[in-house]
Amino acid sequence: MNIILLGAPGAGKGTQAEKICERLSIPTISTGNIIREALKSGTEMGLKAKSFMDAGQLVPDEVVIGIIKERLANDDCKNGFILDGFPRTIPQAEALDNMGVVIDKVIDIEVPDERIIGRMSGRRVCESCGASYHLEYKKPEVDGVCNACAGALVQRKDDHPDTVKARLDVYHKETEPLKEYYAKQNKLAIVEGQEEIADTTALVFAQLEA
Ligand code: AP5
Ligand code: MG
């Protein structure tokens with residue numbers, strides 16, 4: 001199954017992608033994670049993306065489309081995949097269609113803006129493996145330490161409230177029109193994402209089985 005997860009920053013795309021990945025054994029492709037990895041390794045693409053990402057702006061379409069083209073060609077995508085954070089603009093969605101990639105379902109996780117700011121300020125991510133936690137809603141076993149690899153948990157630079165506001169503006173302007181794009185293709189399913197993580201997961205699975 002080829003799945004797209006849509007939603008505002010902090011809606012829970014990464015959190016739900018992890019659950020789908022466990023259940024269906026298909027890889028998650030997160031453009032945000034790929035760009036953060038590139039930045040950490042100091043590649044040219046990472047350096048180019050840095051200023052956009054730090055400011056809460058989108059990285060140029062041609063850069064992320066290139067990343068996705070390369071990643072989807074990997075063998076592990078043959079039985080399906082979850083796209084987390086791509087597409088984020090109409091040209092990115094058109095590029096995906098033009099690659100001949102057939103999407104089965106687009107799940108849009110809806111969370112009101114006012115809930116997002118609180119979630120983001122509590123998020124902590126592992127410096128080494130990128131795993132995501134929350135100070136209140138998804139605590140690590142040991143404070144400040146990743147369950148998976150014992151790496152240090154830090155706050156993402158773009159999770160500071162001013163940058164989150166910029167990311168929300170970009171989301172409403174550039175990404176939200178994708179709901180209509182996929183509704184027209186009869187692929188859109190909307191789930192409420194403001195309750196507990198497990199509640200959203202149940203709604204997501206119900207949509208995948210529908
Ligand atoms: P990216 O890393 O994709 O960030 P984002 O979309 O802004 O989304 P987040 O990762 O912040 O949120 P999420 O929905 O995954 O939420 P999570 O599950 O972590 O992109 C970062 C940047 O990269 C962009 O700004 C852009 O610059 C660039 N970029 C990436 N893709 C691009 C593209 N296609 N085009 C152009 N530029 C691109 O949850 C958030 C927190 O809330 C966590 O702490 C979690 O534990 C907690 N939480 C989750 N669900 C719940 C719940 N139900 N209740 C309580 N807490 C919850
Ligand atoms: Mg994410």
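Numerical summary
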| item | result |
| --- | --- |
| Number of the condition not met by P140 [criteria: (1) more than 16 Å from ligand 2 (Cβ to nearest atom); (2) of a type outside the set (V, I, T); (3) not in a loop (DSSP other than H, G, I, E, B)] | (3) |
| Candidate set: region 15-29, residues that are of a type in the set (S, T, Y) and farther than 20 Å from I190 by Cβ; chosen: the one farthest from ligand 1 (Cβ to nearest atom) | S25 |
| Members of region 109-132 that are away from ligand 2 (no atom under 14 Å from the Cβ), among the hydroxyl-bearing types (S, T, Y) and either part of a loop (DSSP other than H, G, I, E, B) or open to solvent by less than 50 Å² (accessible area, probe 1.4 Å) (or both) | S128 |
| Condition broken by R71, with the remaining ones in (1) free of Cβ contacts under 8 Å to residues at least 60 places away in the same chain; (2) of a type in the set (D, E, K, R); (3) surrounded by fewer than 16 Cβ atoms within 10 Å (Cβ to Cβ) satisfied | (3) |
| Residue list for region 74-104, filter: open to solvent by 60 Å² or more (accessible area, probe 1.4 Å) and under 15 Å from the mean Cα position of the chain (by Cα) | R88 |
| Residue in region 48-56 that is modelled with pLDDT under 95, open to solvent by 70 Å² or more (accessible area, probe 1.4 Å) and farther than 23 Å from R123 by Cβ present | yes |
| Flag for Y171 being among the hydroxyl-bearing types (S, T, Y), open to solvent by less than 70 Å² (accessible area, probe 1.4 Å) and more than 16 Å from ligand 2 (Cβ to nearest atom) | no |
| Scope region 1-14; condition outside any strand (DSSP E or B) and within 6 Å of ligand 1 (Cβ to nearest atom); matching residues | P9, G10, A11, G12, K13, G14 |
| Region 15-65, residues that are part of a helix (DSSP H, G or I), in contact (Cβ under 8 Å) with a residue 12 or more places away in the chain and over 24 Å from I197 (Cβ atoms) | I35, E37, L39, M45, K48, A49, M53, D54, D61, V63, V64, I65 |
| Every residue from region 193-210 that is modelled with pLDDT of 95 or more, within 21 Å of N2 (Cα to Cα) and open to solvent by 70 Å² or more (accessible area, probe 1.4 Å) | L203 |
| One residue from Q92, Q155 being closer than 19 Å to M53 by Cβ and more than 9 Å from ligand 1 (Cβ to nearest atom) | Q155 |
| Some residue of region 162-172 being in contact with a helix residue (DSSP H, G or I) (Cβ under 7 Å, 6 or more places away or on another chain), within 10 Å of ligand 1 (Cβ to nearest atom) and not hydrophobic (A, V, I, L, M, F, W, C) | yes |
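Conditions (1) out of contact with any Leu (no Cβ under 6 Å at 6 or more places or on another chain); (2) aliphatic (A, V, I, L, M); (3) at pLDDT 95 or above, marked per residue:
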site	(1), (2), (3)
T89	yes, no, yes
Q92	yes, no, yes
I107	no, yes, yes
I117	yes, yes, no
S121	yes, no, no
E127	yes, no, no
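The values are calculated or read from the model by the stated rules, or taken from the named source; none is laboratory data. The model shown is predicted, which means the values in this text are computed figures rather than measured ones. Because the Cβ atoms are built from the backbone with ideal geometry, glycine has one as well, and the counts that use them run over all protein chains shown. Ligands, DNA and RNA are excluded from the accessible area calculation, which covers all protein heavy atoms including side chains. Shrake-Rupley method; radii C 1.70, N 1.55, O 1.52, S 1.80 Å.
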